[in-house]
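Trainee: Okay, handing you the structure first.
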Amino acid sequence: MTDDLQRGLEGVTVAETRLSRVDGENGELVIGGFPLAELAPNATYEETLFLLYEDRLPTESELADFRADLAGKRAVHPDAIDTVVDAAQRDLPAMDAVRMGIAAAPLTREGDEDPETDARLSVAQLPTVAAAYWRARKGEEPVEPREDLRHAANYLYMLDGEEPSEERVRGLETYLNSVVDHGLNASTFTARTIVSTESDVVSAVTGAVGALKGPLHGGAPGPVLTMLEDAAARDDPASLVHEILDAGDRVMGFGHRVYQVRDPRAAVLQDAAETFYEGRDQRAFFDAAREFEDTAVDVLAEHRPDLRLETNVEFYTAVLLNGVGVPKELFTPTFAVARAGGWTAHCLEQLEDNRLIRPRASYVGDTDREWTPVDER
């Protein structure tokens with residue numbers, strides 16, 4: 001093995017960014033200059049997006065104009081909707097449909113290709129694509145987006161055709177803000193790499209969706225919910241943790257590649273979930289999740305005393321999204337709906353002072369082979 005090989009680019013700094021700062025050792029996340037706990041529960045998603053794009057919060061009039069422009073880009077081309085519906089009827093995975101749907105965003109582009117326009121198109125149309133897929137999976141017609149609703153509210157509206165309560169909207173917005181950006185994760189790095197070739201932003205977002213589809217990056221909240229539903233049906237949640245570990249599997253929702261302590265996003269999403277579930281019939285589910293978290297942390301500490309396997313973002317993502325009414329099958333697409341803000345902001349940042357991203361690989365194959373004609377092999 002090459003002495004200076006950094007597998008997975010571990011610890012390699014390849015860019016400067018003002019978008020987010022991830023401190024894995026101390027468990028801190030700053031987005032656009034704001035500590036996560038300050039931004040996520042207070043901002044609308046449009047305010048967070050404007051912050052990432054412009055490096056400041058919008059004024060009231062700027063926010064109204066920005067929200068209107070974004071809302072005006074929500075409608076997806078009918079041909080793209082047909083493709084998404086066909087994917088749903090063929091039982092293709094949701095992220096396949098999202099990838100195909102968002103790749104068609106330029107069909108609704110007015111005028112020449114423009115990075116800022118493509119950024120807004122991508123953010124605006126991802127919820128429409130995801131919701132259309134879900135409606136088709138249920139055998140129902142897609143719901144047309146509404147321009148008078150906030151980004152998060154419109155997404156929930158397109159899922160079931162009913163205008164959501166402010167509590168549901170606030171819960172979803174807190175989630176979208178919490179995961180909007182997180183440094184150079186796999187999907188964001190994919191987006192920056194694609195746009196560094198001076199390709200278009202929609203292509204970069206399409207590639208990022210492909211990266212997010214992988215279970216090592218964005219696919220865990222669904223399995224977390226399944227695990228919590230199993231745990232809630234047991235008298236002894238520790239038994240489930242032991243079963244998972246004895247089978248040699250991961251306890252989903254615990255441990256993180258970057259954070260050596262509890263994921264700061266878990267704390268914000270826990271608070272949001274507790275606020276949402278307070279006084280509701282589903283409060284028992286939230287309490288069971290809290291009990292399972294405490295139990296799992298203790299069992300994991302005994303099982304792997306050399307590691308700190310604390311709660312990560314996926315755990316309370318499952319709890320919160322389940323509460324606000326996002327179906328489990330759309331947990332990863334909803335992650336994409338949120339992270340599109342970060343992807344596009346990184347693309348625009350990359351283009352401000354672009355340099356083609358071109359790492360090297362260390363060759364370890366043979367070098368002295370001699371050609372043999374096919375009839376002599």
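Trainee: Out of Asn322, Ala340, Ala301, whose Cα points farthest toward the positive end of the dipole of the range 285-377 (charges: +1 Lys, Arg; -1 Asp, Glu; placed on Cβ)?
Mentor: Ala340
Trainee: Separate question: Taking all pairs of distinct Cα atoms, average 1/r, flip it, and tell me the Kirkwood hydrodynamic radius of the range 39-81 in Å to one decimal place. All intermediate terms of the calculation are to be shown ahead of the outcome.
Mentor: On the way: mean 1/r = 0.0869 Å⁻¹.
Roughly 11.5 Å, rounded to one decimal.
Trainee: Taking each full run of DSSP H in the chain as one helix, which ones are at least 24 Å long along their axis (Cα atoms) and have mean Kyte-Doolittle hydropathy of at least 0.0?
Mentor: Length and hydropathy pass: 331-352.
Trainee: For a quick protection proxy, order the peptides 257-263, 88-94, 322-328, 358-364 by their average other-Cβ count within 10 Å, most packed first.
Mentor: Packing proxy ranking, top to bottom: 322-328, 257-263, 88-94, 358-364.
Trainee: A further question follows. What is the Cα radius of gyration of the range 208-282 over 2.2 N^0.38 Å, N being its residue count?
Mentor: 1.28
Trainee: Oh, and also: On alpha-carbon atoms, Rg over Rh for the range 37-157 using Kirkwood Rh? Present the calculation step by step, with values, prior to reporting the outcome.
Mentor: Values: Rg = 15.1 Å, Rh = 15.1 Å.
Ratio of gyration radius to Kirkwood radius for the range 37-157: 1.00.
Trainee: Also: Based only on Cα atoms, what mean projected area does the convex hull of the range 1-80 have, in nm²?
Mentor: Values: hull surface 38.1 nm².
Convex hull of Cα atoms, orientation-averaged projection: 9.5 nm².
Every number in this text was worked out from the coordinates using simple rules, so none of it is lab data. This structure is a prediction, so every number in the text was calculated from the model and none was measured. Note that we place each Cβ from the backbone using ideal geometry, even for glycine, and neighbour counts take in every protein chain shown.
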